[in-house]
Amino acid sequence: MVTTGLGPRRSAVLRLLVVAVALAGALIGALGGAAPASAHAALTGSTPAQGSVVDQAPEQVTLTFSEGVAMGDNSIRVLDPQGKRVDRGKLRNLCSDSIVKYGAGLPPGLRDGTYTVTWQAVSADSHPVAGAFTFSVGAPSKTAAPVPEQKVGGGLTGALYGIARYLAYAGFVLLVGGAAFVLACRPAAALVRSVQRLVVQGWALLAGTTIAMLLLRTPYTGSGDLADAFDLAGLQQVLITKPGAALVSRLLLLAAAALFVAVLFGTYARLQEPAEESAEEPEDGGPGEAGEAATDGAEKAAEGAGQQAVNAAEQARQRKDLTFGLGIGGVIVGAGLAATWALAEHASTGLQPAVAMPVDVLHLLAVATWLGGLAALVVSLYWGPPVERTAVRRFSRIAFGSVVVLVATGVYQSWRQVGSWRALTDTTYGWLLLLKAALVVVLVGIAWVSRRWTGRLAEVRTARAEASAVRAAEADGAAEKDRKAEKATVGVSAAARTGNGILTDSGAPTGDSAPASDKAPAGGTTTDGETAGEEAPDPARAAQLARQQAALRTARTKRERDADPERLGLRRSVLAEAAVAVVVLVVTTVLTATEPARTEEAVKATAGGQSTTGNQPQVLSIPFDTGGPHGKGTARLDLDPGRSGSANALRLRISDPSGKAVDVPEVKVSFTQKAKKIGPLPVVPKHAGKGHWRANGVQLPVPGQWQLSLLVRTSDIDQVTETKNVKIG
């Protein structure tokens with residue numbers, strides 16, 4: 001038995017497709033959230049530098065970031081080789097207009113060895129960032145300092161937060177786009193249950209995910225322990241941050257959106273209902289009564305027609321005023337919801353935030369209007385009454401305008417976040433942006449096909465409308481004839497069964513000759529047209545007949561829809577467009593959690609951001625033995641940044657077998673590259689303290705494998721020259 005307009009099998013397949021797409025989006029969100037969130041604020045430098053060896057303990061450790069971050073007193077921790085915290089536990093804000101820098105003070109008299117610096121912060125676009133590095137005082141040593149294995153924003157908490165972010169965008173699109181479709185494209189859709197469910201579910205989805213993100217902020221940006229989601233103290237701290245304020249503002253705006261949805265599908269929907277005919281058939285009576293009834297009916301009809309015209313004009317005025325009010329209120333609420341993202345994510349940081357935030361609001365509204373309206377059109381075409389051609393044409397025009405806004409705002413955002421053609425192809429953000437652009441091109445192509453189907457619908461509208469009207473009139477006429485014939489049959493049967501002395505249908509006598517048990521009680525027929533003597537119909541049978549009739553009507557509607565090739569083609573192209581739109585939405589959400597290409601390129605440009613081994617500071621340990629008294633020891637040589645074509649700093653430390661720094665009469669250093677017959681290039685370091693020498697501005701002209709020669713003299717006659725290969729980037 002057919003139970004829906006699509007048939008059970010096809011409807012089930014379509015619903016499974018929708019569920020599969022939703023699960024795919026959630027799975028991608030889970031996979032994206034399972035990994036640590038990409039660092040939007042990147043560490044661009046530190047003092048001491050990562051992996052460096054300093055002669056004396058610094059007074060403080062400073063960190064420099066690519067953009068603004070939120071940090072507390074425990075955000076920077078310095079651990080000694082035994083894993084004990086040695087910093088003063090007080091954060092110093094060293095930020096200026098163009099530099100984001102924070103410092104942690106250190107006590108004097110730190111021992112030699114390797115120290116570990118761990119840091120954690122929340123970037124200005126609401127994403128947590130963290131890291132760790134080491135530096136050494138005097139000479140490197142073994143360290144027992146623990147470094148967190150799980151980065152901030154990862155694990156189960158990160159996965160849940162990532163899924164909530166994906167679903168929040170989806171809820172925003174369904175809520176704003178579905179409401180815009182009803183107001184701007186098809187007001188009659190306010191009466192369609194499938195569209196109502198779509199918009200209400202979008203509101204519920206956005207509200208639920210906003211509450212979840214608010215609770216998950218504490219573990220997401222802190223410990224990572226899911227139990228901390230119910231920590232009231234942590235929630236209080238979240239509320240005073242920019243992301244927390246944005247989420248609370250979103251909840252307040254959703255309260256206003258709930259009132260908007262209630263009016264849209266309440267008062268506004270009732271104004272869209274067609275006027276009902278109130279004319280009633282006159283009751284049966286004599287000839288005189290019939291004439292009077294006809295006269296009264298004519299007068300009432302005239303009065304009713306006048307009143308109906310007045311009511312129609314008043315209803316049209318109310319509908320116009322309410323549409324205007326809902327339109328203004330909807331734009332305000334939608335823009336406010338979009339601003340909660342713009343104020344707390346990428347647009348609020350980096351270049352030109354005053355311009356970027358309004359542009360981001362326009363971008364989000366255009367996405368919601370296009371994709372959310374597309375979702376409303378899909379459910380209207382598949383699970384609602386036939387969609388008017390004018391509604392499809394209106395949506396096509398609005399979708400085109402949304403695409404224009406998307407392209408304009410997208411180009412600006414791309415320039416702002418990417419910055420160069422090289423970054424577009426060398427960074428993850430750039431690749432994702434190219435993928436999104438390709439998907440949008442595919443989406444526009446499918447939309448063009450849908451627009452052509454809409455044009456074909458308009459060309460055949462008159463002929464098909466006339467044929468449909470003729471078929472409907474014929475069907476109504478046949479149904480009316482059947483109803484009158486059925487009434488006549490029921491009346492005759494009732495008279496035959498209730499009249500005294502008249503035979504029943506089976507020929508049995510009635511009246512006094514009939515058995516008492518067979519007599520019908522007085523009163524004639526029932527209100528339903530059934531005879532008083534007949535047994536009441538079975539309710540289950542009546543319900544079954546009603547379901548069969550509804551199924552037949554649904555099947556007839558389905559056949560008429562499928563028989564229209566233009567409408568069928570439109571439904572298929574719109575469904576394909578919606579499927580691609582879901583993928584676009586997923587890629588867009590991934591982009592918001594990816595480090596902008598401009599930031600990634602800036603980090604790579606710094607010495608600390610170099611990823612190749614040859615471009616990192618070179619640290620060499622060279623044992624030596626001059627053969628004389630106290631002639632054994634180890635030379636520790638650092639060359640920073642270890643690159644050709646730049647001024648390198650050379651630091652040398654001489655220690656005895658116990659590791660204690662010792663002075664020697666003379667040290668010399670030279671570099672030779674035999675492959676290109678360069679060198680030896682001598683370097684004469686200056687004595688900088690007991691056991692320490694330093695030389696600045698060491699120039700190595702070309703990259704490659706160099707041979708370092710170190711001469712150490714421990715007495716007037718005891719000296720040795722040791723060689724070591726070093727790779728220069």
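The values are calculated or read from the model by the stated rules, or taken from the named source; none is laboratory data. Note that the structure is predicted; figures quoted are calculated from it, not measured. Here the Cβ positions follow ideal geometry from the backbone for every residue, glycine too, while neighbour counts run over all protein chains shown. Ligands, DNA and RNA are excluded from the accessible area calculation, which covers all protein heavy atoms including side chains. Shrake-Rupley method; radii C 1.70, N 1.55, O 1.52, S 1.80 Å.
For segment 185-196, the condition holds for at least one residue, the condition being that it is under 25 Å from the mean Cα position of the chain (by Cα), surrounded by fewer than 21 Cβ atoms within 10 Å (Cβ to Cβ) and assigned to a helix (DSSP H, G or I). Scan segment 701-710 for residues that are open to solvent by 40 Å² or more (accessible area, probe 1.4 Å) and not in a strand (DSSP E or B) and the total you get is 2. Residues in segment 152-165 that are open to solvent by 30 Å² or more (accessible area, probe 1.4 Å) and within 24 Å of residue 588 (Cβ to Cβ): 160, 163. For segment 223-274, the set of residues classified as under 28 Å from residue 192 (Cα atoms), without any contact (Cβ under 8 Å) to a residue 12 or more places away in the chain and not aliphatic (A, V, I, L, M) consists of 266, 270, 274, listed by residue number. Among the residues making up segment 102-127, those that are over 16 Å from residue 143 (Cα atoms) and open to solvent by 60 Å² or more (accessible area, probe 1.4 Å) are 108, 109, 120.
Checking each residue in segment 659-690 for being open to solvent by less than 50 Å² (accessible area, probe 1.4 Å) and β-branched (Val, Ile, Thr) picks out 662, 664, 667, 669, 672, 678, 683.
A search for C-beta distances below 7 Å between a residue of segment 393-422 that is under 20 Å from residue 173 (Cα atoms) and any residue that is hydroxyl-bearing (Ser, Thr, Tyr) and open to solvent by 30 Å² or more (accessible area, probe 1.4 Å), counting only pairs 6+ apart in sequence or on different chains, returns 398/369; 402/369. All of 114, 44, 62, 134 fail the test of being assigned to a strand (DSSP E or B) and in contact with a Leu (Cβ under 7 Å, 6 or more places away or on another chain), apart from 62.
In segment 337-362, the residues that are assigned to a helix (DSSP H, G or I) form Cβ pairs under 7 Å with partners that are open to solvent by 50 Å² or more (accessible area, probe 1.4 Å) and among the β-branched types (Val, Ile, Thr), at six or more places apart or across chains, as follows: 362/405.
Residues in segment 408-425 that are surrounded by 15 or more Cβ atoms within 10 Å (Cβ to Cβ) and in a helix (DSSP H, G or I): 409, 410, 412, 413, 414, 416, 417, 418, 423, 424.
So that you can scan it fast, the table gives a plain yes or no per residue for (1) open to solvent by 50 Å² or more (accessible area, probe 1.4 Å); (2) among the β-branched types (Val, Ile, Thr); (3) modelled with pLDDT of 80 or more:
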position	(1), (2), (3)
260	no, no, yes
271	no, no, yes
289	yes, no, no
304	no, no, no
311	yes, no, no
331	yes, yes, yes
335	no, no, yes
348	no, no, no
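Evaluate segment 103-118: report whether one residue or more is within 30 Å of residue 357 (Cα to Cα) and in contact (Cβ under 8 Å) with a residue 24 or more places away in the chain. There is no residue in segment 103-118 that is within 30 Å of residue 357 (Cα to Cα) and in contact (Cβ under 8 Å) with a residue 24 or more places away in the chain. With respect to the conditions (1) of a type in the set (S, T, N, Q); (2) modelled with pLDDT under 50; (3) touching a Gly at 6+ places or on another chain (Cβ under 8 Å), residue 74 lacks only one, and its number is (2). Within segment 669-695, residues that are closer than 19 Å to residue 638 by Cβ sit with their Cβ atoms under 6 Å from residues that are charged (D, E, K, R) and surrounded by 18 or more Cβ atoms within 10 Å (Cβ to Cβ), at 6+ positions apart or across chains, in these pairs: 691/653; 692/653; 694/651.
What do you reckon, is residue 392 over 30 Å from residue 65 (Cβ atoms) and either of a type in the set (S, T, N, Q) or buried (at least 16 other Cβ atoms within 10 Å of the Cβ) (or both)? Considered against the rule, which asks whether it is over 30 Å from residue 65 (Cβ atoms) and either of a type in the set (S, T, N, Q) or buried (at least 16 other Cβ atoms within 10 Å of the Cβ) (or both), residue 392 comes out as yes. For segment 648-700, the strands (runs of 3 or more DSSP E) that sit wholly inside it and include 3 or more residues that are of a type in the set (Val, Ile, Thr) are 666-673.
Counting the residues of segment 232-253 that are assigned to a helix (DSSP H, G or I) and open to solvent by 90 Å² or more (accessible area, probe 1.4 Å) gives 4. Checked against the criteria, residue 121 does not count as modelled with pLDDT of 80 or more, more than 19 Å from residue 596 (Cβ to Cβ), of a type in the set (A, V, I, L, M) and not in a loop (DSSP other than H, G, I, E, B). In summary, residue 132 fulfils each of the numbered conditions (1) open to solvent by 10 Å² or more (accessible area, probe 1.4 Å); (2) at pLDDT below 80 with the single exception of condition (2).
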